[in-house]
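Asker: To start, I am sharing the structure in question, which I have written as structure tokens.
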Amino acid sequence: MVNVAIMGHGVVGSGVAEILINHADRIAEKVKAAVNVKYILDLRDFDGLSYSDKFIKDFGIILNDDEIKVVVEVMGGINPAYDFVKSCLLAKKSVVTSNKELVAAKGAELLRIAEENNVNFLFEASVGGGIPILRPMAQCLAANEINEIYGILNGTTNYILNKMIVDNMDFDAALALAQEKGFAERDPAADIEGHDACRKICILASLGFGKHVYPEQVKTEGITGVTLDDAEYADKFNCVIKLIGSAKKLPNGKITAFVRPTVVSRECILASVNGVFNAIMVNGDETGEVMFYGKGAGKRPTASAVVADVMDCVKHINARKYLSWEDGSPDYVDNSVEEKQKFYVRIKSQNYQLLKSEFIRVFGENTFFIGNEFSKELVFISDVTDENELKMQLDSLKGVCGLTVFHTLF
């Protein structure tokens, strides 16, 4: 028998407990050992459950029980999760977590401690919820050199943008609906400001490229600046707006890493990823592009991924799964490198006729644009250029009083 402890009994934690307890026979058959949930750590009381007797409030009970071989951390946040996880690994207990904030901030250190103590630190559920992504990258794509990782990494923002595009909702109404349906938290900042997607691209880039990428190194922009007008204009260009997280290897060995609203051509496969679904593209030198698609959150899908990691730990008691990366460095991520691409640009002026004449002067009369004399603005998608060159052109326009620029994916 392998004894397991669960730290946290929220949405995901309760799902993990239910799967491990209710499907104990099926799990035992697959891992060739009985898996017993011995403790569930939570400061709250949970009376009336079939497993209410398993709840404890003292972390020390888990840490000092030599019978506990695998610990599940589903509390979220950095503190006290980091101290608890680190202590468990040092005590030679394998740890499974869905905590993307913890892995993005402390992953390299915790993986090193796990290796030094011949235990496992697994976190499949931290990126795609129920979407298998980390294990396939580490194992199925192991023969590849990963060149680029990008995609839709946050279901909440994808749902909001989809409502703006399809149902003509403004941002506030779409956010309120997402909260009503339980797709967005009461405090939605982590989603709509891009922090959740940032943490996920950190983990993906760290695994894909072999060095830790920290959240503060990723240039991050959320969707709060996207308006219904932007969604409507993008549609007229046969495009949609998505929040895209991306990381790409540079020729000098460094990488770029971004999270930002992106205008995506409807000819691109990511344009058709709607609702709360996520899609992650991984480009390997041998396979080319591979896509991982599914719901990136939710109690049961995320808990399923956590339990799969628990089962992996049970199969590898006293042995390690190869999952690691080196620590990073302050200069590892270089976001000053700008590739040439097209840009979506919306320009506003107090004088539409002046704006129109200035636009033609700078960009040429053959550049297609959508003009709106009523709102005194015009919108265009640039030719292939780099951001600095575009900025110089835009700076030379006279009479501009408002400017929106989004990167594109065609």
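Asker: What share of the DSSP beta bridges in the chain is antiparallel, in percent to the nearest 5?
Answerer: About 65 percent, rounded to the nearest 5.
Asker: Another question, then. Using a 1.4 Å probe, what is the accessible area per residue for the chain, in Å²?
Answerer: Ligands and nucleic acids excluded, the figure is 44 Å² per residue.
Asker: Going through the cross-link list 211/236; 93/299; 249/299, which pairs have a Cα-Cα distance over 31 Å in this structure?
Answerer: In this structure, 211/236; 249/299 exceed 31 Å between Cα atoms.
Asker: With the Cα gyration tensor of the chain in hand, convert its eigenvalues to equivalent ellipsoid semi-axes via √(5λ) and list them largest first in whole Å. Don't jump to the answer; show the numbers that get you there.
Answerer: On the way: eigenvalues 408, 103, 56 Å².
After scaling each eigenvalue by five and taking roots: 45, 23, 17 Å.
Asker: Using R₀ = 51 Å, calculate the FRET efficiency as 1/(1 + (r/R₀)^6) where r is the Cβ-Cβ separation of residue 367 and residue 322; round to 0.05.
Answerer: Result of the calculation: an efficiency of 0.45.
Asker: Return one number: the angle in degrees, 0 to 90 and rounded to the nearest 10, between the long axis of the Cα atoms of helix 81-90 and the longest principal axis of the Cα atoms of the chain.
Answerer: With rounding to tens, the tilt is 50 degrees.
Asker: OK, next. Report, in listed order, any pair from 248/295; 219/376; 106/391 with a Cα-Cα distance greater than 29 Å.
Answerer: Details: 248/295 24 Å; 219/376 31 Å; 106/391 37 Å.
Over 29 Å apart, Cα to Cα: 219/376; 106/391.
Asker: Which number do you get for Rg(Cα) / (2.2 N^0.38 Å) in the stretch 1-76? Write out the running numbers ahead of the final one.
Answerer: Numbers: Rg = 11.9 Å, N = 76, 2.2 N^0.38 = 11.4 Å.
The stretch 1-76 yields a ratio of 1.04.
Asker: Can you give me the distance in nm between label points at residue 285 and residue 395, each placed 7 Å from the Cα along the Cα-to-Cβ direction?
Answerer: So the two model labels end up 3.8 nm from each other.
Asker: Moving on to the next point. Would you please state the base-10 log of I(q)/I(0) at q = 0.11, 0.15, 0.20 1/Å for the stretch 318-410, with intensities from the Debye formula using one equal scatterer on every alpha carbon?
Answerer: Summing over Cα pairs of the stretch 318-410 leads to -0.43, -0.63, -0.96.
Asker: Order these peptides, 42-53, 342-353, by their mean beta-carbon neighbour count within 10 angstrom, highest first.
Answerer: Ranking, from highest mean packing down: 342-353, 42-53.
Asker: How much accessible surface does residue 18 have with a 1.4 Å probe, in Å² rounded to 10?
Answerer: Probe radius 1.4 Å; accessible area of residue 18 about 50 Å².
Asker: Let me ask something else. P(r) for the stretch 231-383: what percent of alpha-carbon pairs falls in each 5 Å bin, starting at zero?
Answerer: In order of increasing distance, the bins hold 2, 6, 11, 12, 13, 14, 13, 10, 7, 4, 3, 2, 2, 1, 0 percent.
Asker: Per the 1.4 Å probe, what fraction of the accessible area of the stretch 88-247, in percent, lies on carbon and sulfur atoms?
Answerer: Here it works out to 45 percent.
Asker: If you take the square roots of the eigenvalues of the alpha-carbon gyration tensor of the stretch 233-313 and sort them as a ≥ b ≥ c, do you get rounded (a/c under 1.5), prolate (a/b over b/c) or oblate? Each step should come with its number before you reach the end.
Answerer: Numbers: a/c = 2.25, a/b = 1.28, b/c = 1.76.
Oblate.
Asker: Taking every pair of distinct Cα atoms and averaging 1/r, then inverting, what Kirkwood hydrodynamic radius in Å comes out for the stretch 71-190? Please report the intermediate quantities before stating the final value.
Answerer: Numbers: mean 1/r = 0.0603 Å⁻¹.
One decimal place: 16.6 Å for the Kirkwood radius.
Asker: Give the aspartates and glutamates whose C-alpha is closer than 13 Å to that of residue 54, dropping any in the same chain fewer than 8 places away, or say none.
Answerer: Partners found: 18, 42, 45.
Asker: Moving to a separate point now. Given R₀ = 51 Å, what would the calculated FRET efficiency be for residue 65 paired with residue 177, taking r from the Cβ atoms and rounding to 0.05? Mind dumping the intermediate values first?
Answerer: Details: r = 46 Å, r/R0 = 0.89.
After rounding to 0.05, the efficiency reads 0.65.
Asker: Next question. What does the highest-first list of 140-150, 393-403 look like by mean Cβ count within 10 Å?
Answerer: Values: 140-150: 16.4, 393-403: 14.1.
Packing order, densest peptide first, comes out as 140-150, 393-403.
Asker: Computed over the Cα atoms, what is the radius of gyration of the stretch 165-272 divided by 2.2 N^0.38 Å, N being its residue count?
Answerer: Relative to the rule-of-thumb radius for its length, the stretch 165-272 sits at 1.19.
Asker: In nm, give the distance between the simple-model label positions of residue 45 and residue 315, each being 7 Å from the Cα along the Cα-to-Cβ direction.
Answerer: 4.2 nm
The values are calculated or read from the model by the stated rules, or taken from the named source; none is laboratory data. Computed from a predicted structure; not experimentally measured. No Cβ is skipped: glycine too gets one built from the backbone with ideal geometry, and neighbour counts run over all protein chains shown. Remember, those area values only see protein heavy atoms, side chains included, never the ligands or the DNA or RNA. Shrake-Rupley method; radii C 1.70, N 1.55, O 1.52, S 1.80 Å.
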